[in-house]
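Take a look at the structure below.
The values are calculated or read from the model by the stated rules, or taken from the named source; none is laboratory data. All figures in this text were calculated on a predicted structure; none of them were measured in a lab. Ideal geometry is used to build each Cβ from the backbone, glycine not excepted, and the neighbour counts take in all protein chains shown.
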Amino acid sequence: MSPPDPLDELRRPIRFDATLAGQDLHFESTWGLFSPREIDEGTRLLLQYVEVGADADCLDLGCGYGPIGLTLASLAPGGRTLMVDKDFVAVDFADRNAALNRIGNARAQLSNGFDQIDPALRFDLIASNIPAKVGKELLSLLLHDARARLKPGGRLYLVTINGLRQFMKRNLTEVFGNYDKLKQGAHYTVALAVAP
């Protein structure tokens, strides 16, 4: 019998549990996805400040394997949550994790920002842990698209590295007409903008 291949272990899904906004969730992820072994600090901080109604329709923009979207779907069982990512592996794991947690009101789809999302869809809440290196052009597109897709009074929650704080403040104020810094941690800032 040949010895076990150490690469086989690396190919297996990474499994862990996390409690996010009071919801106990199980996750599977894999190498190559963002923060594959644990929920990252920015996501944890964001989910401490998100307020979501029980019947809210939510969007998780750049969902990875789904921690934000699945938390939102758990908190809003009467609404629908869409999770999008430009990485097909992330979308696959987000859908797997929805099934693993028996969350029937969440689904994932491939989309670069808003480009593949049904144009008729409108959301009560959009949340995103924005990667530090997406570039200011894409950030600008995402903010304008988010405003266009939020229902009146809908909320956009963002967590970014502190280095983007002033950019976000300036651009959210310009696009939404308002900006609220909910929390500035050691490395991340949680911001809120409300659609007019």
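Once segment 68-124 is narrowed to residues that are crowded, with 24+ Cβ neighbours inside 10 Å and hydroxyl-bearing (Ser, Thr, Tyr), the residue that is farthest from Leu46 (Cα to Cα) is Thr81. Scanning segment 131-150 turns up no residue that is touching an Asp or Glu at 6+ places or on another chain (Cβ under 6 Å), touching a residue at least 24 places away in the same chain (Cβ under 8 Å) and not in a loop (DSSP other than H, G, I, E, B).
Taken as a whole, the structure places Phe114 among residues that are assigned to a loop (DSSP other than H, G, I, E, B), touching a residue at least 24 places away in the same chain (Cβ under 8 Å) and aromatic (Phe, Trp, Tyr). Could you go through segment 40-50 and let me know if any residue there is outside any loop (DSSP other than H, G, I, E, B), more than 13 Å from the chain's Cα centre (by Cα) and free of Cβ contacts under 8 Å to residues at least 24 places away in the same chain. Within segment 40-50 (the criterion being outside any loop (DSSP other than H, G, I, E, B), more than 13 Å from the chain's Cα centre (by Cα) and free of Cβ contacts under 8 Å to residues at least 24 places away in the same chain), the answer is no, since none of the residues qualifies. Filtered by the rule that a residue be more than 25 Å from Leu138 (Cα to Cα), out of contact with any Ser or Thr (no Cβ under 8 Å at 6 or more places or on another chain) and not β-branched (Val, Ile, Thr), segment 61-94 gives Ser74, Leu75, Ala76, Pro77, Gly78, Gly79, Arg80. Figure legend. Inter-residue proximity from segment 10-35: first residues assigned to a loop (DSSP other than H, G, I, E, B), second residues surrounded by 11 or more Cβ atoms within 10 Å (Cβ to Cβ) and of a type in the set (Gly, Ala, Ser), beta-carbon distance below 6 Å, spacing 6+ or different chains. Indicated pairs: Leu33/Gly64; Leu33/Ala90; Phe34/Gly64.
Under 25 Å from Ala148 (Cβ atoms) and either crowded, with 22+ Cβ neighbours inside 10 Å or polar (S, T, N, Q) (or both) - does that describe any residue in segment 12-25?
Residues of segment 12-25 under 25 Å from Ala148 (Cβ atoms): none.
No, there is no match, as no residue in segment 12-25 is under 25 Å from Ala148 (Cβ atoms) and either crowded, with 22+ Cβ neighbours inside 10 Å or polar (S, T, N, Q) (or both).
Scan segment 143-196 for residues that are closer than 17 Å to Glu51 by Cα and in contact with a Phe, Trp or Tyr (Cβ under 8 Å, 6 or more places away or on another chain) and the total you get is 14. Taking the criterion of being over 20 Å from the mean Cα position of the chain (by Cα) and crowded, with 16+ Cβ neighbours inside 10 Å, the only residue of segment 158-175 that qualifies is Val175. Restricting attention to segment 125-157 and to residues that are hydrophobic (A, V, I, L, M, F, W, C) and exposed (fewer than 15 other Cβ atoms within 10 Å of the Cβ), the residue that is modelled with the highest pLDDT turns out to be Ala148.
Of all residue pairs spaced 6 or more apart or on separate chains, those with beta-carbon atoms under 7 Å, a first member in segment 154-175 that is outside any helix (DSSP H, G or I) and a second member that is surrounded by fewer than 16 Cβ atoms within 10 Å (Cβ to Cβ) and hydrophobic (A, V, I, L, M, F, W, C) are Ile161/Ala132.
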